[in-house]
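To start, the structure itself, in structure tokens.
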Amino acid sequence: MSGTLTIHQAGPQMSVQDFGRPGYRASGMTRGGAADPLALHEGAILLGQEPTLAAIEMVGAGGTFTADTNLRIALTGAPMKATLDGTPLTWNASHPMPAGARLVIGGATSGTYGYLHIGGGIDLPLQMGARSTHFGAGLGGALEAGDTLPVGADTGSGTGVALPRDDRFDGGCLRVVTSVQTDRFDDETIARFTATAFARDPRANRRGVRMEPPGEGFFATDQLSILSEVITIGDIQITGDGAPFVLMCECQTTGGYPRIGTVIPADLPRVAQAPTGAEIRFDFIPLEEAIAIQQRAAADLKALPGRCYPLVRDPHNIRDLLSYQLVGGVVSALADPFEKET
């Protein structure tokens with residue numbers, strides 16, 4: 001531990017998250033981890049550290065923080081209003097956070113899940129191989145005012161870089177492959193499903209996201225006769241009222257609702273980040289195309305560091321302006337530029 005981060009005010013369901021705990025499905029526990037894993041990669045790139053380090057996940061709103069040591073921080077995921085001792089901070093960028101400075105993160109301006117990354121990561125003890133809170137399994141819990149979190153040793157030093165914002169925070173079209181029970185929905189229902197503009201329902205959390213249809217619901221020909229069986233993240237269950245429910249990182253491991261399809265992994269961050277009321281559509285694609293999309297997403301992730309750009313700051317807002325060398329190459333007006341040095 002190299003220092004501590006203290007929480008003075010915390011938004012709802014704020015928690016520590018990393019990539020979760022794969023390998024426990026047979027024991028009844030899904031992976032969990034960050035609702036938007038892409039945001040963890042972005043934070044790691046902005047700080048030049050491993051993406052496996054734990055960060056703070058904020059749901060719709062952030063909180064107020066101070067530290068007892070100088071930190072490097074990065075802000076990713078759903079854009080939120082943030083200030084450091086009253087100075088506005090750019091989102092999707094890295095910044096220095098001096099000891100004692102007060103970091104205030106407000107509400108999301110789009111999207112749902114924002115992330116606060118610390119140089120060195122949040123250094124909580126490992127539980128079953130991860131530091132993530134898994135609410136369903138009772139591992140960890142929501143962060144509260146007064147909590148003090150240990151910070152790991154930071155081996156980096158750079159800040160002042162940013163990444164461009166993508167469009168995953170505004171809903172959109174989700175690419176879907178067929179599931180085990182897709183053939184239990186007739187062609188007319190499938191056609192109506194893909195032609196429907198759903199609204200992301202307020203009833204959403206880390207377990208799943210309900211999509212509100214504008215009219216009549218969707219039903220399998222044999223409706224609720226499915227025996228409970230293994231389900232996975234991204235499955236689209238059709239619940240008893242006919243509304244689709246996309247399963248997320250903390251979903252149950254078995255279920256008995258029919259599944260009309262499965263959202264491909266590359267589009268799950270878009271599901272997580274869609275704000276309440278955002279328009280969502282579904283588009284079935286062949287499995288071969290889904291595999292190709294996933295391969296391109298992996299390649300894009302490797303190329304992400306190359307998209308970083310220097311953060312241009314307003315000198316009025318630079319706290320440590322005088323520590324920079326502002327003028328260089330100054331010569332005397334009386335000096336002869338052709339005179340050789342001796």
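Observations on the model:
- The length gained by stretching the chain between ILE285 and VAL180 to full extension, at 0.36 nm per residue less their Cα-Cα distance, is 36.3 nm.
- In this label model, GLU144 and GLU50 are separated by 3.2 nm, measuring between points 7 Å along each Cα→Cβ vector.
- Among ASP187, ASP154, the sequence by solvent-accessible area, most first, with a 1.4 Å probe is ASP187, ASP154.
- Coil-residue GluC sites (Glu not before Pro) of region 165-269, DSSP, other Cβ within 10 Å capped at 14: GLU216
- The chain: angle of helix 37-47 to the longest principal axis, Cα-based, in degrees nearest 10: 10
- Percent of Cα pairs exceeding the 27 Å cut-off, where the set is region 32-157: 9
- Think of region 156-269 as having a plus end and a minus end, set by charges on the Cβ of Lys, Arg, Asp and Glu; of GLN237, THR253, LEU227, THR253 sits farthest toward the positive end of this dipole.
- The listed residues THR90, THR262 rank as THR90, THR262 when sorted by accessible area, largest first, using a 1.4 Å probe.
- Net lengthening on full extension, THR239/GLU212 (0.36 nm per residue, minus Cα-Cα): 8.6 nm
- A straight line joining the Cα centroids of region 4-77 and region 186-232 runs 30 Å.
- With Cα atoms, 0 to 90° folded angle of helix 287-303 axis to the chain main axis: 10
- Table column - 3J(HN,Hα) (Hz), region 99-112, Karplus curve with 6.51, -1.76, 1.60, x for Gly and Pro: 4, x, 5, 9, 8, 10, 10, x, x, 6, 8, 6, x, 10
- Region 125-178 versus region 81-116: alpha-carbon centroid distance in Å: 15
- q = 0.11, 0.13, 0.17, 0.19 Å⁻¹: log10 I(q)/I(0) that the Debye formula gives for region 110-255, counting C-alpha atoms only: -0.62, -0.80, -1.11, -1.26
- Stokes-Einstein D (µm²/s) once Rh is taken as the Kirkwood radius of region 172-257 over alpha-carbon pairs, at 4 °C in 1.567 mPa s: 97
- For region 185-225, accessible area per residue (1.4 Å probe, heavy atoms of protein chains only), Å²: 54
- Cβ crowding within 10 Å averaged over residues, with 285-295, 139-149, 263-273 ranked highest first: 263-273, 139-149, 285-295
- Cα gyration tensor shape for region 10-49, rounded if a/c is under 1.5, else prolate or oblate: oblate
- Cα gyration tensor category, rounded, prolate or oblate, for the chain with a/c compared to 1.5: prolate
- Applying 0.36 nm per residue to the separation of SER2 and TYR309 and subtracting their alpha-carbon distance, the gain on full extension is 107.7 nm.
- For ILE280, residues with placed amide H under 5 Å, excluding near neighbours: GLY172, PHE198, ALA199, ARG200
- Summing charges over neighbours of SER2, with a neighbour being any other residue whose Cβ is under 13 Å away from its Cβ, gives -2 when K and R count +1 and D and E count -1.
- Counted charge near PHE198, where neighbours are those whose Cβ lies closer than 15 Å (Asp, Glu -1; Lys, Arg +1): -1
- Antiparallel bridges, percent of DSSP beta bridges restricted to the chain (to nearest 5): 90
- 222 nm mean residue ellipticity, helices alone, for the chain (DSSP H n ≥ 4; -39,500 (n - 2.57); rounded to 500): -4000 deg cm²/dmol
- The modelled label-to-label distance for the pair ALA195/LEU227, using points 7 Å beyond Cα in the direction of Cβ, is 3.7 nm.
- Taking amide H positions as modeled 1.01 Å from N, with prolines and chain starts lacking one, the residues under 5 Å from GLY208 and 5 or more places away or on another chain are MET248.
- Exposed chymotrypsin sites (Phe, Trp or Tyr not before Pro) absent: longest stretch of the chain, with sites in DSSP loops and at most 14 other Cβ within 10 Å deemed exposed: 1-323
- Note on exposure: CYS251, CYS173 ranked by accessible area (1.4 Å probe, complete protein assembly) read CYS173, CYS251, with the most exposed listed first.
- Distance between the modelled labels on ASP166 and GLU188, one decimal in nanometres: 3.9 nm (7 Å Cα→Cβ projection).
- Database remark: amide H of ALA78 closer than 5 angstrom to the amide H of THR112, TYR113, GLY114, TYR115 (H placed geometrically; neighbours at sequence offset of 5 or more, or on other chains; Pro and chain starts carry no H).
The values are calculated or read from the model by the stated rules, or taken from the named source; none is laboratory data. Predicted model, so just to flag it, every value in this text is computed and none were measured. With ideal geometry, Cβ positions are generated from the backbone for all residues, glycine too; neighbour counts draw on all protein chains shown. Ligands, DNA and RNA are stripped out before the accessible areas are found, and what is left, the full protein with its side chains, is counted by its heavy atoms. Shrake-Rupley method; radii C 1.70, N 1.55, O 1.52, S 1.80 Å.
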